[in-house]
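The values are calculated or read from the model by the stated rules, or taken from the named source; none is laboratory data. This structure is a prediction, so every number in the text was calculated from the model and none was measured. In this analysis, Cβ positions are derived from the backbone assuming ideal geometry, glycine residues included, and neighbour counts consider all displayed protein chains.
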Amino acid sequence: MAAGSDQKGATTLDERVDREGGDPASAADRARAARRDEAVRAAVGQGLLGPGTPVVGLLDVMGIRESAAALGAAFEAVAAPGTPVLHAFAVKATPLVPVLALLREEGIGAEVASPGELALARAAGVPPDRTVLDSPAKTPDELREALAQGIAVNADNPQELARIDALVRSAVPRSPLGIRVNPQVGGGAIEALSTATATSKFGVALRDEGAREWVVRACLDRPWLTRLHAHTGSQGIPLSLMARGVAETYELAEEINARAGRRQIDTLDIGGGLPVNFGSEAASPTYAQYARLLREVVPGLLDGRYGLVTEFGRSLLAKQGTVVARVEYTKSAGGRPVAVTHAGVQVATRTVYAPGAWPLRLAAYDAKGRPKTGPEVVQDVAGPACFAGDLLAEARALPLLEPGDHVAALDTGAYYFAHHYAYNSLPRPGVYGFVPDGSQQVAFATVREPQTPAEIVAESGGARASALTTLRAPERP
C-alpha cells in the first residue's frame with residue numbers, strides 16, 4: 001500500500017498495516033490465490049480429497065520459494081554489502097522435514113527449540129552452522145550436543161550460562177554463543193505471544209535491578225560470548241514495538257563493545273515475529289517494510305559492523321498453506337444454517353478456542369473443488385469434534401454450503417500443521433505440496449501421510465493393552 005494513499009495527514013506504518021483489510025492484494029497475492037483454487041480442484045479430481053480422505057493440508061511450493069526469496073531480498077536491500085545474514089526458519093511453525101529441506105534449498109537455516117526440532121532440521125539436511133538452538137529449558141545433554149556440533153546457542157538465563165561454563169571450561173567453543181535478553185518494551189494484542197513484557201519467561205530481563213550490568217559483566221568475563229538475542233513477540237506485535245526491541249538490544253551491544261574496547265559482540269539475533277494479515281489475501285506487512293523500518297530506527301544495525309540472524313516462522317509459511325475439508329452434513333439450528341465439516345479443533349486449535357485472536361478466512365468450493373458461487377448466506381462452519389464450540393467460523397457469510405461441498409481454511413501454512421490436537425482421536429490429515437504447470441494441471445508431492453487408525457492405536461499404547469490389567473503391587477518381604 002502506498003504511504004498516505006487516500007488518507008488525510010501522515011500515518012505510521014503500524015496504522016497503515018492495521019487498517020481494515022490491510023494492504024490491497026498485489027499481483028503476486030492474486031496469483032497465489034489462483035494457484036490455490038487450481039490445487040483444490042486438482043486435489044478433488046485426483047482423489048486426494050474425497051469421502052475416504054475428507055480433510056487435507058495443501059502447501060504452495062512456488063509460494064514458499066517466493067516467500068523465502070522476499071525475505072532474503074528485503075535484508076539484502078538495507079544491509080551493507082558483505083554483511084553476514086542467517087535467516088533461520090522457526091521450525092515450530094511448520095515442523096515438516098520436506099518443508100525444511102525446501103527452505104534449506106532456498107538458503108534458509110533452522111531455529112530449533114527442542115531435541116525433536118533439531119532432529120527434524122538434521123533430517124532435512126540443515127547443517128549445524130546454519131542452525132540456532134533457542135529454548136528456555138535446555139538440558140545439559142542438549143547443550144553438550146549443540147556445543148559438540150558447533151550449533152549456535154543463545155543462553156536464556158544465568159543458570160544456563162553456568163552450565164555452558166562447565167562444558168566450555170578453558171576451551172574455545174566451536175559454537176557461536178550468546179545471551180538472550182528481554183528488552184521489556186511491552187506487549188502486543190495477544191498476551192500469550194508477547195515475549196518482551198515485564199514478566200516474560202524468556203531471557204534476562206534488562207530492566208530488572210542489576211540485570212543489565214550482569215549481562216555486560218558476563219560478556220566481559222567470557223570473550224567467547226559474541227552474540228545477543230532478543231525476540232519481542234509475534235502475532236499481534238506492532239512493527240514499531242519489534243523495532244524498539246531490536247534497538248534496545250543494539251544499544252546494549254554497543255555498550256558491551258565500548259566497555260570491552262573491542263568488537264566482542266559481533267552478531268545480533270533479532271528473532272522473528274513479523275505478524276501475518278489474516279483478514280485478506282494481501283501478504284502484509286512485508287519483509288521489505290520491516291527491513292526499511294529497522295534501517296530508519298536502528299541504522300547502526302545494518303552498517304556492516306554486526307552480523308544478523310533472523311528467526312521468522314509464521315510469516316514465511318502462513319499464506320502458503322490451506323486446510324481443505326469436505327462438508328459431510330448441513331442442518332439448521334435456531335434458524336441459522338450449519339455446515340458440519342471434517343476440519344475443526346484437531347487442525348485449528350487456536351482458532352476454535354480463541355476465535356477472537358485467531359480468526360480464519362474461509363473459502364467455499366463445490367463438490368468438484370471449484371470456487372462456489374451464489375448468494376452469500378450467514379452460516380456456521382462446524383468441525384467434527386464432540387463439543388459445541390468446535391467451530392471454524394460462526395455466523396460467516398458464504399455461498400450456502402451443501403453436503404459434498406468443500407470448505408478451505410486459508411492462511412494455515414504455519415502452526416496449523418504443527419498443532420494437531422487429538423481430540424476424539426481424530427487423525428492428523430495428510431499434507432501435500434503442489435505445483436501447477438500453468439495449463440490447469442497440478443502436480444502433488446506427499447509431505448506427510450494421513451494418519452491411520454492403526455497408527456492412532458499404536459500411539460495410544462495399543463501394544464501394551466494388558467499393561468494395567470496385569471500390574472501387581474510388589475510382594476512384601
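Could you tell me which of the residues V168, V132 is under 18 Å from W224 (Cβ atoms), in the same structural domain as E213 (by TED's automatic domain parsing), among the β-branched types (V, I, T) and in contact with a strand residue (DSSP E or B) (Cβ under 6 Å, 6 or more places away or on another chain)?
Result: V132 is the single residue among V168, V132 that is under 18 Å from W224 (Cβ atoms), in the same structural domain as E213 (by TED's automatic domain parsing), among the β-branched types (V, I, T) and in contact with a strand residue (DSSP E or B) (Cβ under 6 Å, 6 or more places away or on another chain).
Any residue in the stretch 142-154 that is farther than 21 Å from D266 by Cβ sitting within a Cβ distance under 9 Å of a residue that is of a type in the set (S, T, Y)? List the pairs, counting only those 6 or more apart or interchain.
E142/S114; E142/S135; A148/S175
Quick grid of which residues meet (1) modelled with pLDDT of 90 or more; (2) more than 30 Å from A93 (Cβ to Cβ); (3) in a strand (DSSP E or B):
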position: A196; (1), (2), (3): no, no, no
position: E209; (1), (2), (3): yes, yes, no
position: V216; (1), (2), (3): yes, yes, no
position: P223; (1), (2), (3): yes, yes, no
position: T226; (1), (2), (3): yes, no, yes
position: I237; (1), (2), (3): no, no, no
position: L241; (1), (2), (3): no, no, no
position: R244; (1), (2), (3): yes, no, no
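Is it the case, given these coordinates, that A458 is free of Cβ contacts under 8 Å to residues at least 40 places away in the same chain, loosely packed, with under 11 Cβ neighbours inside 10 Å, in a helix (DSSP H, G or I) and under 37 Å from the mean Cα position of the chain (by Cα)?
Taking the combined requirement at face value, the residue does not satisfy it.
Test Y423 against the stated conditions and say whether it is within 23 Å of the chain's Cα centre (by Cα), of a type in the set (F, W, Y) and either surrounded by fewer than 18 Cβ atoms within 10 Å (Cβ to Cβ) or not assigned by TED's automatic domain parsing to the domain that holds Y353 (or both).
For Y423, the condition - within 23 Å of the chain's Cα centre (by Cα), of a type in the set (F, W, Y) and either surrounded by fewer than 18 Cβ atoms within 10 Å (Cβ to Cβ) or not assigned by TED's automatic domain parsing to the domain that holds Y353 (or both) - is met.
Tally up the residues in the stretch 333-346 that are surrounded by 13 or more Cβ atoms within 10 Å (Cβ to Cβ) and either of a type in the set (D, E) or out of contact with any helix residue (DSSP H, G or I) (no Cβ under 8 Å at 6 or more places or on another chain) (or both), please.
8
If only one of T349, T310, T267, T330 is buried (at least 23 other Cβ atoms within 10 Å of the Cβ) and not aliphatic (A, V, I, L, M), which one is it?
On inspection, the qualifying residue turns out to be T310.
Name the single residue, out of those in the stretch 156-175 being surrounded by 17 or more Cβ atoms within 10 Å (Cβ to Cβ) and touching a Gly at 6+ places or on another chain (Cβ under 7 Å), that is modelled with the highest pLDDT.
Result: S175.
Is there any pair linking a residue in the stretch 113-136 that is at negative phi to one that is hydroxyl-bearing (S, T, Y), with Cβ under 6 Å and at least six apart or on different chains, and which?
A113/S135; A121/T131
So that you can scan it fast, the table gives a plain yes or no per residue for (1) of a type outside the set (A, V, I, L, M, F, W, C); (2) in contact with a helix residue (DSSP H, G or I) (Cβ under 8 Å, 6 or more places away or on another chain); (3) free of Cβ contacts under 8 Å to residues at least 24 places away in the same chain:
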residue: R30; (1), (2), (3): yes, no, no
residue: D37; (1), (2), (3): yes, no, no
residue: G57; (1), (2), (3): yes, no, no
residue: R65; (1), (2), (3): yes, yes, no
residue: A74; (1), (2), (3): no, yes, no
residue: V78; (1), (2), (3): no, yes, no
residue: L86; (1), (2), (3): no, yes, no
